[in-house]
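Presented below is the structure to which this report refers.
The values are calculated or read from the model by the stated rules, or taken from the named source; none is laboratory data. On a predicted model such as this, the values are computed, not experimentally measured, just so you know. So basically every Cβ, Gly included, is an ideal-geometry build from the backbone, and we count neighbours across all protein chains shown. The area values use the complete protein model at the heavy-atom level, side chains included, leaving out ligands, DNA and RNA. Shrake-Rupley method; radii C 1.70, N 1.55, O 1.52, S 1.80 Å.
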Amino acid sequence: MQKQRFCLDTSAFTEPSVRKAMNVKTITELTDKLMDLIAEARIKLNISCHIPYPSVYKELIGFLHSENCPKDVIIKVDTWLVKKTPNRYEIKIPSEIFYEYVKDLRERINKGMRIGEEHIIKSSDMVYELSKRHPEMRKDEIINKVLSKTINTFRNKYRSALRVGTLDSAPDLDVLLLAKELDAAVVATDGGIEKWAQRLGLRFVNAVNFPFMLEEYLRHADRHRRYL
């Protein structure tokens, strides 16, 4: 039987929906519980869980340090997660995937530019209208008032246009490359990683479901042993 491998993204440890599903409040608590499951799955079923090094590993450790995570949890991470740098020079990616990614990125850049243009025009109109209605206001007051109304909207729309549903960081790409190299399932909650995992023909596991998958594997393994 083929060995089960999983490649974990940072979101498997940091996403609030995963913490809620596991009934914990902090990243440290989630990591501690998840490491116990991964350890048991490794020992009993030879399931291995990998994390790209140093990119994703450093992200995770940074989150844990920010919570003053106990040393024993860090030791669990170093013990049970296999740290590996993707072999970027040897992994083969179809040129069609690269073409799709560049095309998608170009469309997002153009959409972001249009959003910027719309908000510049909108801000200019608002400054003009406020200046007419309130001639007693200073110019800097008017500008600050307008920006306070429009800048958050612009940021949200711009972030959505450029980042949601695509790969927007080196760690995201490392997760996919390592999973491709190892023929492993990708574990994440990130929509961009899911989309491009599908493009690459990789298995994808929503991080919310991952702990319960491990529990299911272990439950059936224990039941099988009792029947032997």
Hey, can you grab everything whose amide H is under 5 Å from the amide H of LYS84? Only 5+ residues off in sequence or another chain; H modelled, so Pro and N-termini drop out.
-> ILE51, TYR53
Neighbourhood charge, 9 Å Cβ-Cβ cut-off, centred on GLY192 and excluding it, Lys, Arg +1 and Asp, Glu -1 = -2
Å² per residue, accessible surface of the chain at 1.4 Å = 60 Å²
Leaving out ligands, DNA and RNA, what percent of the accessible area of the chain is carbon and sulfur, probe 1.4 Å?
-> 54 percent
Excluding ligands and nucleic acids, what accessible area in Å² is computed for TYR158 using a 1.4 Å probe, to the nearest 10?
-> 90 Å²
Placing each pseudo-label 7 Å from Cα in the direction of the beta carbon, GLU141 and ILE61 end up separated by a distance in nanometres of 5.3 nm
Past 31 Å, Cα to Cα, is the threshold; run LYS25/LYS157; LYS33/LYS103; LYS103/LYS149; LYS58/LYS149; LYS157/LYS195; LYS25/LYS83 against it and keep the listed order.
-> LYS33/LYS103; LYS103/LYS149; LYS58/LYS149
Sum of side-chain charges, ALA21 neighbourhood, beta-carbon under 13 Å (Lys, Arg +1; Asp, Glu -1) = +1
For segment 141-154, what does the Karplus curve 6.51 cos²θ - 1.76 cosθ + 1.60, with θ = phi - 60°, yield as ³J(HN,Hα) per residue in whole Hz, taken in order and with x for Gly and Pro?
-> 5, 4, 4, 5, 5, 5, 5, 4, 7, 9, 5, 5, 4, 4
Give me the compactness ratio for the chain, meaning the Cα radius of gyration over 2.2 N^0.38 Å.
-> 1.33
Helix 95-133 axis, angle to the chain major axis (alpha carbon atoms, nearest 10°) | 30 degrees
Specify whether the C-alpha gyration tensor of segment 1-76 places it in the rounded, prolate or oblate class, a ≥ b ≥ c being the square roots of the eigenvalues: rounded for a/c under 1.5, otherwise prolate if a/b is larger than b/c and oblate if not.
-> prolate
Using only helices, what value at 222 nm comes out for the chain when you add -39,500 (n - 2.57) per DSSP H run of length 4 or more and divide by the total residues, to the nearest 500 deg cm²/dmol?
-> -22500 deg cm²/dmol
Using amide H atoms built 1.01 Å from N in the peptide plane, name the residues 5+ places from ALA185, or on other chains, whose amide H lies under 5 Å from its own.
-> ARG5, PHE6, CYS7
In the neighborhood of GLU96, defined by Cβ-to-Cβ distances under 14 Å, what is the net charge if each Lys or Arg adds +1 and each Asp or Glu adds -1?
-> +1
GNM, the chain, Cα, under 10 Å: largest mean-square fluctuation among LYS76, LYS139, LYS195?
-> LYS139
